[in-house]
Amino acid sequence: MLLGQVYQSVGSWQKLAAINMKPKLAYKILKYVKLVFAEQEIIEKQRVALIREITGTKDGEDAKIEPNTPEFIQYMNRFNEVLVTETTLGQCDSYFDEVMDAVDEKNESLTVTDLAMLEPFFKSPDLRKIREP
């Protein structure tokens, strides 16, 4: 899994974390969400440090990179390098269908985009075992 997947999934994790579900699954999600948010915080610190480096600003100073400038292109190229880095974050100790069932039971909703963002973070059932008699 890439850091970019973690970075892009934060909003979906926030939505999932706000959904009521059975305590055992909710606790697994809680523990995992903490790991996702810690990883996202590291990415955000790297992003801010990169902006400060490119703009030559220090902590506490306003830093801004205007679109369509050489600095912006440099920023995007270097930040994309961060986002394509493999994360050490493993998958959540739950199956994705458990999460979907928990959401469905409560008439809560996640968008197709949310599901696409969250799916890589969960184990998938072994389809061979499901098909066996």
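The values are calculated or read from the model by the stated rules, or taken from the named source; none is laboratory data. On a predicted model such as this, the values are computed, not experimentally measured, just so you know. When we count neighbours, we look across all protein chains shown, and the Cβ atoms used for this are built from the backbone with ideal geometry, even at glycine.
Brief remarks on what is shown
- Checked against (1) within 15 Å of residue 14 (Cα to Cα); (2) in contact with a strand residue (DSSP E or B) (Cβ under 7 Å, 6 or more places away or on another chain); (3) modelled with pLDDT under 95, residue 32 passes all but condition (3).
- Every residue from region 41-66 that is part of a loop (DSSP other than H, G, I, E, B) and among the acidic types (Asp, Glu): 59, 61, 62, 66
- Total residues in region 61-100, condition of a type outside the set (S, T, N, Q), free of Cβ contacts under 8 Å to residues at least 24 places away in the same chain and within 20 Å of residue 6 (Cβ to Cβ): 3
- Scan of region 15-30 for residues that are assigned to a loop (DSSP other than H, G, I, E, B) and basic (Lys, Arg), ordered by number: 22
- Here 102, 38, 116 are screened, and the one residue that is in a helix (DSSP H, G or I), within 29 Å of residue 19 (Cβ to Cβ) and either among the aromatic types (Phe, Trp, Tyr) or at pLDDT below 90 (or both) is 102.
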